[in-house]
Each structure stands twice: as C-alpha cells, then as structure tokens.
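Here is the structure we will look at.
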Amino acid sequence: RTSVARHPAGREIGQRRTRSSRRRDCFRALGTMSIRGVYQLMRLELKYCDHSGSSRHLRNFLENHLKTLREEWSHLDITTTVRRGRHPHVTGTYRNGRQKTVDLKNKEEEKIRYHLNFLFTEKGRKSSTKLPGSRRITDTPSIQGRWRPGMWDTPTKSAGAAAS
C-alpha cells in the first residue's frame, strides 16, 4: 500500500473539500482560547440549588471535580453560588465585558464538563460568524433563469435590424 500525502486538516492532498470539511476547519480555527497568548475567559460563576433535583449532577460535579478544575484553570476566578429554587446555570465573563450563560438543568457531569470547556475555548465575541462557503444551495432553481454576463446590456442595432 502506498502512503498518501495528507493536508493538515486530515484530508488527502488533491481531494475536494466538502462544505462540512470547510465548516469543520473554520470551527477548528475559531476554537482557540486566547488572543495573543492572553486567556479571554476571566470568571466562571456556577449557580445551583442545594436541594432541587435539576441541580443534583452539578452538585456531584462540584464535589468531585471543583478542586481539579481550579488547579487546571488557575487563572480563572471560579465562584459557586447557592440559589434556592432556581435551575442551575453557568455564566462566563470575558475580558471584553461580554457574558455568556449556559443552562445546566438536568445535565450530567460529562455534559457539564463539555459546556465548561465550551465557555473556556470561546473568545467572548458574538457568535454570528459567517462561515466560508455558506452559499444557499437549492433543488429548485429560479424560474427566471440563471444570470449570465451581458444579460442586462442593451441590444445592438444590428440585432434589431436583422429582426425587422
């Protein structure tokens, strides 16, 4: 079997890029956690209820993993707050002043860790980033026809004279 040269994104060189691979590459580039080496997430606030069932997984997560989380992300200010009668959620505060809130109601410990990593890897910017290659593709083309060069040019006199 011969070895195949591969692109850093994982596909073979010369292989056509699909829409999903372009989107995946874009998200891979967006998933960095710092700008010029400075972490963007400054504070995590975990709010939960001490007796409700929707907070039980978050309470277990805090008992088992809070210490390691604080050691792993030592630059973060991680606070926990008990809010009785409220569903659990986490709020991340970024250096640019933006806040992002994620609901943790009935989320298991794996999902809680996933959402915390999501907040950690975000840059705090608006999430309305335009993805490359996100043109509209449709099965029903326009009934007016496709655009072509010279479509709106005025007809020449010789074409009008030939018709008359």
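The values are calculated or read from the model by the stated rules, or taken from the named source; none is laboratory data. No experiment lies behind these values; they were computed from the predicted model shown. Cβ coordinates were reconstructed from backbone atoms using ideal geometry, including for glycine residues, and neighbour counts include every protein chain displayed. Note: accessible area is taken over every heavy atom of the protein model, side chains too, but ligands, DNA and RNA are not part of it. Shrake-Rupley method; radii C 1.70, N 1.55, O 1.52, S 1.80 Å.
Could you tell me what percent of the accessible area of the range 33-156 is made up of carbon and sulfur, with a 1.4 Å probe and every protein chain present?
Working: 4280 of 9060 Å².
For the range 33-156, the apolar C and S fraction of the accessible surface comes to 47 percent.
Run through the range 30-115 and list the trypsin sites (Lys or Arg not before Pro) located in a DSSP loop whose Cβ has at most 11 other Cβ atoms within 10 Å.
Arg36, Arg84
If each of Lys67 and Thr91 carries a label point 7 Å out from its Cα toward its Cβ, how far apart are those two points in nm?
Label at Lys67, label at Thr91, 2.9 nm between them.
If you take the Cα Rg of the range 41-106 and divide it by 2.2 N^0.38 Å, with N the number of residues, what do you get?
The range 41-106 yields a ratio of 1.11.
Round to the nearest 10 and report in Å² the accessible area of Asp103, as given by a 1.4 Å probe over the protein chains' heavy atoms.
Rounded to the nearest 10, that gives 80 Å².
What distance in nm lies between label points placed 7 Å from Cα along the C-beta direction at Arg148 and Asn60?
Between Arg148 and Asn60, the label points sit 6.6 nm apart.
Quote to one decimal, in nm, the extra length available between Asn117 and Ser34 on full extension: 0.36 nm per residue of separation minus the C-alpha distance between them.
28.6 nm
With a 1.4 Å probe and all protein chains kept in place, how do Phe61, Phe118 rank by accessible area, largest first?
Sorted by accessible area, descending: Phe118, Phe61.
Hey, could you get me the Stokes-Einstein D for the range 79-131, Kirkwood radius over alpha-carbon pairs, 25 °C and 0.890 mPa s, rounded to whole µm² s⁻¹? Could you put the intermediate results ahead of the total?
Details: Rh = 12.5 Å.
Stokes-Einstein gives a translational diffusion coefficient of 196 µm²/s.
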